[in-house]
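The values are calculated or read from the model by the stated rules, or taken from the named source; none is laboratory data. Everything numeric in this text was worked out from a predicted model, so none of it was measured. Reconstructed Cβ throughout: ideal geometry from the backbone, glycine too, with neighbour counts over all protein chains shown. Please note that ligands, DNA and RNA were not included when accessible areas were found on the heavy atoms of the full protein model with its side chains. Shrake-Rupley method; radii C 1.70, N 1.55, O 1.52, S 1.80 Å.
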Amino acid sequence: FGTRAAMQAVFNNTSRAFGAFFESWDIILTPITALPTPKIGTMKYLTLSDNPSVTDWFASLWENFAYTPLSNLCGIPAISRPLAEQENGWPFGIQAQTRQGDDGLLLQLAAQIERAIDGKWNGGRKPGVHVTNAARA
């Protein structure tokens, strides 16, 4: 029980810190990943990885995906969009986060960015695997 309570205290403190931040600022804008996008098939970040240490696995996961889980952990709204291309050719995505209950602000921001780039998220390229390519039943 002590470990679970300590973990919940960290979540609560982090949520309060976000709340304090959003008293002065409207949006946090970050990349989606802290490292270049992993290639499809990369096992390092999956629970099926061959790393026997859960602690090591989680540390490597957190090293790359440091930004996006914070919204989930703290219950704040976020939106992510592919915006550009990294040097390795993989997509570069952005994520915006805001205070609780301000989801509309994120939708307005996404709409403004979409207008500014003429609707061409990710340079106008659609991934090969995309919902619009699904076989019809």
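Taken along its principal axes, the alpha carbon cloud of the range 58-137 reaches lengths of 36, 35, 33 Å, longest axis first.
May I ask which residue of I28, L107, F65 lies farthest towards the positive end of the charge dipole of the chain, with charges of +1 (Lys, Arg) and -1 (Asp, Glu) on Cβ and the Cα centre as origin? Among I28, L107, F65, the one farthest towards the positive end of the dipole of the chain is L107. Put a plus charge on the Cβ of each Lys and Arg, a minus charge on the Cβ of each Asp and Glu, and nothing anywhere else: the dipole of the chain about its Cα centre is then about 360 debye. The relative contact order of the chain, computed from alpha carbon pairs under 8 Å that lie at least 6 residues apart in sequence, is 25 percent. Exposed loop sites were defined as GluC sites (Glu not before Pro) in DSSP loop states (anything but H, G, I, E or B) carrying at most 12 other C-beta atoms within 10 Å; in the chain the longest segment without such a site runs 24-86. Of the trypsin sites (Lys or Arg not before Pro) found in the range 2-94, those in coil by DSSP whose Cβ has at most 11 other Cβ atoms within 10 Å are K39.
Using a probe of 1.4 Å on the protein chains alone, the accessible area found for T33 is around 30 Å². Based on protein heavy atoms only, the range 3-118 ends up with 66 Å² per residue of surface accessible to a 1.4 Å probe. FRET efficiency for the T55 to N12 pair, using the beta carbon distance and R₀ = 25 Å, is estimated at 0.65.
Backbone phi angles across the range 66-76, fed through the Karplus curve with coefficients 6.51, -1.76 and 1.60 (θ = phi - 60°), yield HN-Hα couplings of 6, 8, 5, x, 4, 4, 5, 5, 9, x, 9 Hz in residue order; Gly and Pro are listed as x. Computing volume of the Cα convex hull per residue in Å³ directly from the structure and comparing it against (1) 113; (2) 181; (3) 190 singles out (2).
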